[in-house]
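Visitor: This structure is in structure tokens; I'll ask about it shortly.
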Amino acid sequence: MEPGRHIQLLSDEVINKIAAGEVVDRPASVLKELLENAIDAGARNVEIVIVDGGRKLISVADDGCGMTRDDALLSIERHATSKLTSAEDLERVATLGFRGEALAAISAVSRFTITTRRADAQAATEITMSGGKILEVRETGAPPGTTMACRNLFFNTPARRRFLRSDQTELAHLRQVFLLHGLAHPEIGLRLVVDEREIYRLAGGASLEERLRELLGAETAGALRPVDTERDGLRVRGFASLPHTTRGDRSEQYVFVNCRPAAAPVTAFAIGEAYQGLIPRGRHPLCILFLEMDAALVDVNVHPTKKEVRFRHPPAVRDLIIDGLRSALALPPLPLEPGGTGLPQLKELFVPAGRPLPVSRTSDLPGLPAFPYPRVVPGARADHALLPAQGVVAPPADAASREGDRVVPADASNAPWSWCRVLGQVGGTFIVLETQDGLVLMDPQAAHERVIYERYVAEAARGAVHAQGLLAPETVTMPPEQARVLRKNLAALQEMGLGVGEFGGDAFVVDALPAVLGERVSPTQLLADLATHLDKGSPRGAGAAWTREQVALAACHAAVRAGDQLNPTEVETLVRDLARCEMPYTCPHGRPTVIFMGLAELRRKFGRGG
Ligand code: ADP
Ligand code: MG
């Protein structure tokens, strides 16, 4: 400090400017605060107008409760809020705003007008301000509700103004705010006008699904699965993308905590965990997750922008998100870490997984493959078969006519591809497919396991497992520990179509097996696998459903391990069967069945640019 200077108290004007810097750092934060206020005011419809990337104008008009003249004058004072009265209220904030500083901040760094009218008032009040100073207060005519207009943002803080980016960038941030609030409040009608062009007109009273389709597009919405899991007073609901739809960053992971767009490090972490092994490193799923919990279990007052929240019990939130996402993707829960709080919620095995949103896939119509694939391997007819998913898209017109190609219908409305062509096998193992979107590598073991698992589970759910008697019943002697586990679960095994009986001592006789498992499965291998799966120790509270799921997992595993090399016809059948599955993207243990390599990714890797 220079000598001779004395300490001075800052003037209100300077204090407000400093404080404004924390709340308002760019046009998007103005929009966020004004939108939150409109929502808190109970608006049914909100209209947003933006000019010049928000530099010139950001205006938010609502049909909410409005304010009296006195309240309107108070609202622009710092720490003026109608939403909190005591420090205890801070412990359970239910409104979006509560700090009472947004309007003071915004009006300190712009030319700001408030026009507001309560429904029961004769006239509206209009307050005109500039750089935090009131220029005029007058009565005017206006419909009930409030319009707040922020003009010439940062006109009196040139340093801030210089930090603004191009209109394009600012608009992208503004759009993100619009999107977040639009998703959080499908019940509110929203209109967005940018530079005199209407960008969105979203009807109120919509469902989240409808909003998603309007805001993200039908194609993206079609790749989403519903999420809804609840435990111990915590709930996560929303939508999450199937593993083949990913993004290069997390910007399309929308997390809301009690309807407030907000996130904490633990939410991003949990989302990553849930998709572990399903998507390539560096890729991120899309999701729209609403966390609902008692307001006392979350601290929203961590940061002036309220973008980050702190949870009372982060591990419980983490486990809930992981389980919610994994059940949405029809995956078994992740094994519980020692010391973790919650139990992995066991997905009821016999409830079919949710279907993605219906979507018309006309945009997926394949361009006709122009290249006639040379037939280098004689006799490998199936290598070039086109396998369209029936009802989704017509196969390329010339497909059926090309010599040697066969069109095999697969009645899947949920298929990962609308058509595909088997190109061959790599390393004698992995199947290579061409689809409308690029290349797909398939692990036939994992795929086969998924196919028979879903069939088996469906039969079991109907109580109609088709058991196939063995020509020669087999006697199997088990180690004592495994024998004990099997004896304990004998009833469940029989219920699942396994003809297993005690044969004295630690021996068992097997005289029938579920037909879906195929003929190659060895009873000895099967019983050993069953004992191992059932011995893992069921989580607390797990009942018959857990046992049945373990039986299904073990049986399918044993069946697939017994599998041989596939001939081209079997490959084709497998590809078609997998496309029909409820959850074709992973084996029942969560390993991927398919790895996608999109055309866009290939273009990028070859440096072909956009
Ligand atoms: P906070 O939202 O944190 O309370 P703000 O500075 O954003 O603080 O707003 C101050 C007060 O002004 C609010 O508490 C509310 O009473 C009133 N207010 C702001 N915007 C509106 C609006 N659109 N409709 C009705 N009242 C509003
Ligand atoms: Mg506010």
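The values are calculated or read from the model by the stated rules, or taken from the named source; none is laboratory data. Since the structure is predicted, the reported quantities are computational estimates derived from the model, not experimental observations. Glycine also receives a Cβ, built like all others from the backbone with ideal geometry; neighbour counts cover every protein chain displayed.
Visitor: For Ala545, indicate whether it is at pLDDT below 85, farther than 17 Å from Val451 by Cα and part of a helix (DSSP H, G or I).
Guide: On the way: at pLDDT below 85: yes; farther than 17 Å from Val451 by Cα: yes; part of a helix (DSSP H, G or I): yes.
It is true that Ala545 is at pLDDT below 85, farther than 17 Å from Val451 by Cα and part of a helix (DSSP H, G or I).
Visitor: Inside region 157-166, can you point out the residues that are buried (at least 17 other Cβ atoms within 10 Å of the Cβ) and not in a helix (DSSP H, G or I)? Break it down into steps so the answer makes sense when it comes.
Guide: To start, the set of residues in region 157-166 that are buried (at least 17 other Cβ atoms within 10 Å of the Cβ) comprises 157, 160, 164.
Correct list: Thr157, Leu164.
Visitor: Does Glu139 qualify as being over 30 Å from Met293 (Cβ atoms) and more than 13 Å from ligand 2 (Cβ to nearest atom)? Working first, answer last.
Guide: Numbers: over 30 Å from Met293 (Cβ atoms): yes; more than 13 Å from ligand 2 (Cβ to nearest atom): yes.
Yes: the conditions hold for Glu139.
Visitor: Can you tell me which residues in region 40-60 are farther than 16 Å from Leu174 by Cβ and either at pLDDT 95 or above or over 27 Å from the mean Cα position of the chain (by Cα) (or both)? Steps first, please.
Guide: Initially, region 40-60 is screened for residues farther than 16 Å from Leu174 by Cβ, giving 40-45.
Ala41, Gly42, Ala43, Arg44, Asn45 - these are the residues of region 40-60 that are farther than 16 Å from Leu174 by Cβ and either at pLDDT 95 or above or over 27 Å from the mean Cα position of the chain (by Cα) (or both).
Visitor: Could you pull out the residue among Ile106, Ile114 that is under 30 Å from Ala159 (Cα atoms), within 16 Å of ligand 2 (Cβ to nearest atom) and part of a helix (DSSP H, G or I)?
Guide: Working: Ile114 fails: part of a helix (DSSP H, G or I).
Answer to the check: Ile106.
Visitor: Okay, next question. Kindly list, by first and then second residue, each pair from a residue in region 65-89 that is in contact (Cβ under 8 Å) with a residue 60 or more places away in the chain and basic (Lys, Arg) to a residue that is part of a loop (DSSP other than H, G, I, E, B) and within 16 Å of ligand 2 (Cβ to nearest atom), limited to pairs with Cβ atoms under 8 Å and residues at least 6 apart or on different chains.
Guide: Arg78/Gly100; Arg78/Glu101
Visitor: Looking at this structure, is Leu96 buried (at least 22 other Cβ atoms within 10 Å of the Cβ), within 16 Å of ligand 2 (Cβ to nearest atom) and not in a strand (DSSP E or B)?
Guide: yes
Visitor: I'd like the residue in region 28-57 that is crowded, with 19+ Cβ neighbours inside 10 Å and among the polar types (S, T, N, Q) and, out of all such residues, is nearest to ligand 1 (Cβ to nearest atom).
Guide: Asn37
Visitor: Step by step: first the residues of region 59-76, then only those that are surrounded by 23 or more Cβ atoms within 10 Å (Cβ to Cβ) and either among the acidic types (Asp, Glu) or not in a loop (DSSP other than H, G, I, E, B) (or both), then the one that is nearest to ligand 1 (Cβ to nearest atom). Which residue is that?
Guide: Taking the candidates together, the pick is Asp62.
Visitor: Out of region 116-165, which residues are more than 22 Å from Val23 (Cβ to Cβ), of a type in the set (Val, Ile, Thr) and within 12 Å of ligand 1 (Cβ to nearest atom)?
Guide: Result: Thr125, single match.
Visitor: Pick from His303, His244, His284: which is closer than 30 Å to Ala20 by Cβ and of a type outside the set (Asp, Glu)?
Guide: It is His303.
Visitor: Can you tell me how many residues in region 12-49 are basic (Lys, Arg) and within 12 Å of ligand 2 (Cβ to nearest atom)?
Guide: As a first pass, look at region 12-49 and keep what is basic (Lys, Arg): 17, 26, 32, 44.
Then drop every residue that is not within 12 Å of ligand 2 (Cβ to nearest atom), which leaves 32.
Number satisfying all stated conditions: 1.
Visitor: Let me ask another. Within region 192-220, can you find the residues that are over 27 Å from Leu242 (Cα atoms) and buried (at least 16 other Cβ atoms within 10 Å of the Cβ)?
Guide: Leu192, Val193, Val194
Visitor: Okay, next question. Quick one: is Asp25 away from ligand 1 (no atom under 12 Å from the Cβ), among the charged types (D, E, K, R), surrounded by fewer than 22 Cβ atoms within 10 Å (Cβ to Cβ) and not in a strand (DSSP E or B)? It would help to see each step written out before you state the result.
Guide: Working: away from ligand 1 (no atom under 12 Å from the Cβ): yes; among the charged types (D, E, K, R): yes; surrounded by fewer than 22 Cβ atoms within 10 Å (Cβ to Cβ): yes; not in a strand (DSSP E or B): yes.
Spelling it out, Asp25 is indeed away from ligand 1 (no atom under 12 Å from the Cβ), among the charged types (D, E, K, R), surrounded by fewer than 22 Cβ atoms within 10 Å (Cβ to Cβ) and not in a strand (DSSP E or B).
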